[in-house]
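S.K.: One structure coming up, written as structure tokens, with questions to follow.
The values are calculated or read from the model by the stated rules, or taken from the named source; none is laboratory data. The model shown is predicted, which means the values in this text are computed figures rather than measured ones. All Cβ positions, even for glycine, are placed from backbone atoms using ideal geometry, and neighbour counts span all protein chains on display. Just the protein is used for accessible areas: all its heavy atoms, side chains included, with ligands, DNA and RNA removed. Shrake-Rupley method; radii C 1.70, N 1.55, O 1.52, S 1.80 Å.
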Amino acid sequence: MISDQTDAFVIRSVDFSETSKVVTLFSRDLGKLSVMAKGARRLKSSFEVALDLLSVCRICVRRKTTAELDLLTEAKLLERFDGLRRNLGALYAGYFIAEVLNGLTGRHDAHPVLYDSSVETLRRLGQGEDRQLTLIRFQLKLLKELGYAPILTHCSISGAEVGLSERMAYSVAAGGLVHPDEARNRSGCMTIQGATVQALRVYSGETEAAERLVPSQRGRDEMWRLLLATVATHLGRMPKMVAMLDAS
Amino acid sequence: MSLTPSVERLTEELTRLPGIGPKSAERITHYLMQARAEDALKLARAIEDVKTNVRLCRECFNLSEGTDICQVCQDARRDQSLLCVVEQPRDLMSLEKTGSFQGVYHVLHGRIAPLEGITPDKLTIGPLVDRVRRGTIKEVIMATNPTLEGDGTALYLSNVLADYDVNVTRLARGLASGTVLEFANREMLADALSGRQKF
């Protein structure tokens, strides 16, 4: 058995017995972990409040090569996002992050950049930042880090260069822009504004320009629809939280 | 060597209970086999009685036996204008043990946990709103657990009840009586500071 220490946040927590919990964590250095937290439900547990959903904690875990569940031996709370407890929309956005990370990342497959970005996104949501834009940027980062980044500079089918135009074709199945010549013979392409593609390029670039960018409501809706469809394609279903996000 | 079918069936049924593993189930089975028949059957009858006679109170969704209204709702001395919302009947029992609450309750039978498929329509939120709409309730105390999901449930309910003339409050959190500051953790102290009260 190997013992490791890393930072992580809780993406799922299920009561296991009268006193224990099975907790799924997205960790910085060890990727997604499912751990048995013995005694975590006790009031005087050594894990204290570290294992609440979306709480960031420093954990010590004994990895088991033969079992599905690792053993959590320590957890100390580093950060919790109290703003999420005061804003239902932000809370549901936080749940959305937990859901897609749980669904799209693999066990013990580390993505430190995605981890940092996820924690920063939760922080921003807790501080009351624009929910839709924050989730758009998170999804772009998620897709990029997992190798599913939308192709925004050339045709995702033929590889031909695609210049910016007022209306452009995008295929979720092909994973990016589609050249007009290809789009004519292909069903299922979405039509999006050139300005939306430009905004996606800026957000993908993660430069300072991304902070200053203020896309139109139509552009935001297009980005949200496009990225959500991409996430849903890789997840194999629409995330459960989408209905609640729409309603909040 | 396998045991008789009846013994195996009992062990299997016991294994399905929370906190009972195969070994514990086997131990309980052997205990029941060795116990006097009347003692073992007393347990069987108790389980049968619970399943036959216990139902949910039509007012607050607490457990009730024999009638449609639970003992708490029947008690005329209770303050009907003060309503405490809890997740489970067990939480209600914990609050009752304190002896310091004289209002009435509403049991949600869970908390909003969308990631586990528990959406607001799966809880008793509709009947809660109906009770508030009737107008006798002046204060609703949110006594859901102080977890993210418990707080989320309280937040959802406070949004739903915002349209009604009712005061919505949340249980206090922070330091427990008898503790010392030195040994309190950071979150306890932060909660205690943000929820400080006037003398």
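S.K.: With each label point set 7 Å from Cα along the Cα-Cβ vector, what nm distance links B:D68 and A:Q198?
M.R.: 6.6 nm
S.K.: Between A:D130 and B:F183, how high is the FRET efficiency from 1/(1 + (r/R0)^6) when r is the Cβ-Cβ distance and R₀ = 41 Å? Nearest 0.05.
M.R.: 0.50
S.K.: Also: What distance in nm separates the two pseudo spin-label positions at B:K198 and B:A35, each 7 Å out from Cα along the beta-carbon direction?
M.R.: 5.7 nm
S.K.: Could you tell me what a quarter of the Cα convex hull surface of region A:150-215 works out to, in nm² with one decimal place?
M.R.: So the mean shadow area of the Cα hull is 4.3 nm².
S.K.: For region A:1-81, what is the accessible area per residue in Å² when the probe is 1.4 Å?
M.R.: For region A:1-81, the per-residue accessible area is 49 Å².
S.K.: Residues of region A:4-31 with the amide nitrogen closer than 15 Å to a label point 7 Å from the Cα of A:T65, along Cα-to-Cβ, please.
M.R.: Correct set: A:4.
S.K.: I would also like to ask the following. What are the ³J(HN,Hα) values, in whole Hz, obtained from phi via the Karplus relation 6.51 cos²θ - 1.76 cosθ + 1.60 with θ = phi - 60°, for each residue of region B:68-84 in sequence order, with x given for Gly and Pro?
M.R.: With the stated coefficients, region B:68-84 comes to 7, 10, 6, 4, 5, 5, 6, 6, 5, 7, 6, 7, 6, 8, 10, 10, 10 Hz.
S.K.: Based on the Cβ-Cβ distance from B:L175 to A:R123, what FRET efficiency comes out when R0 is 25 Å, to the nearest 0.05?
M.R.: Taking R0 as 25 Å, the efficiency between B:L175 and A:R123 is 0.40.
S.K.: Give the cross-link partners of B:K23 among the aspartates and glutamates, using a straight C-alpha distance below 19 Å as the criterion and excluding same-chain residues fewer than 8 apart.
M.R.: In chain and number order, the partners are A:E18, B:E8, B:E12, B:E13.
S.K.: Starting from region A:1-42, pick out the trypsin sites (Lys or Arg not before Pro) whose DSSP state is loop and whose Cβ has at most 13 other Cβ atoms within 10 Å.
M.R.: Sparse-neighbourhood loop trypsin sites (Lys or Arg not before Pro): A:R42.
S.K.: I need the phi-derived Karplus couplings for region B:189-198: 6.51 cos²θ - 1.76 cosθ + 1.60, θ = phi - 60°, integer Hz, Gly and Pro marked x.
M.R.: Residue by residue, region B:189-198 yields 5, 4, 5, 5, 5, 6, x, 5, 10, 7 Hz.
S.K.: Could you tell me the center-to-center distance, by alpha carbons, between region B:112-164 and region A:25-50 in angstrom?
M.R.: So the separation of the two Cα centres works out to 28 Å.
S.K.: Choose one answer from B:S94, B:S64, B:S158: the residue with the largest mean-square fluctuation in a GNM of chain B with alpha-carbon springs under 10 Å.
M.R.: Maximum among the listed residues: B:S94.
S.K.: What number do you get for chain A when its Cα radius of gyration is normalised by 2.2 N^0.38 Å, N = residues?
M.R.: 1.11
S.K.: Follow-up. Using Cα positions and a limit of under 29 Å, work out the lysines in reach of A:K32, with same-chain residues fewer than 8 apart set aside.
M.R.: The qualifying lysines are A:K21, A:K44, A:K64, A:K76, A:K141, A:K144, A:K240.
S.K.: With each label point set 7 Å from Cα along the Cα-Cβ vector, what nm distance links B:S24 and A:D116?
M.R.: In this crude spin-label approximation the distance works out to 4.5 nm.
S.K.: With viscosity set to 1.306 mPa s and temperature to 10 °C, compute the Stokes-Einstein D of the protein assembly as shown, Rh being the Kirkwood radius across alpha carbon pairs; µm²/s, no decimals.
M.R.: 62 µm²/s
S.K.: Just check region B:79-170 against the gyration tensor rule for me: Cα atoms, a ≥ b ≥ c as the square roots of the eigenvalues, rounded for a/c under 1.5, and otherwise prolate or oblate depending on whether a/b exceeds b/c.
M.R.: The shape class here is oblate.
S.K.: Please label the shape of region A:2-144 as rounded, prolate or oblate, based on the square roots a ≥ b ≥ c of the eigenvalues of the alpha-carbon gyration tensor (a/c under 1.5 means rounded; beyond that, a/b larger than b/c means prolate, else oblate).
M.R.: oblate
S.K.: Something else now. May I ask what percent, to the nearest 5, of DSSP beta bridges between residues of the protein assembly as shown are antiparallel?
M.R.: Within the protein assembly as shown, antiparallel bridges account for around 70 percent of the total.
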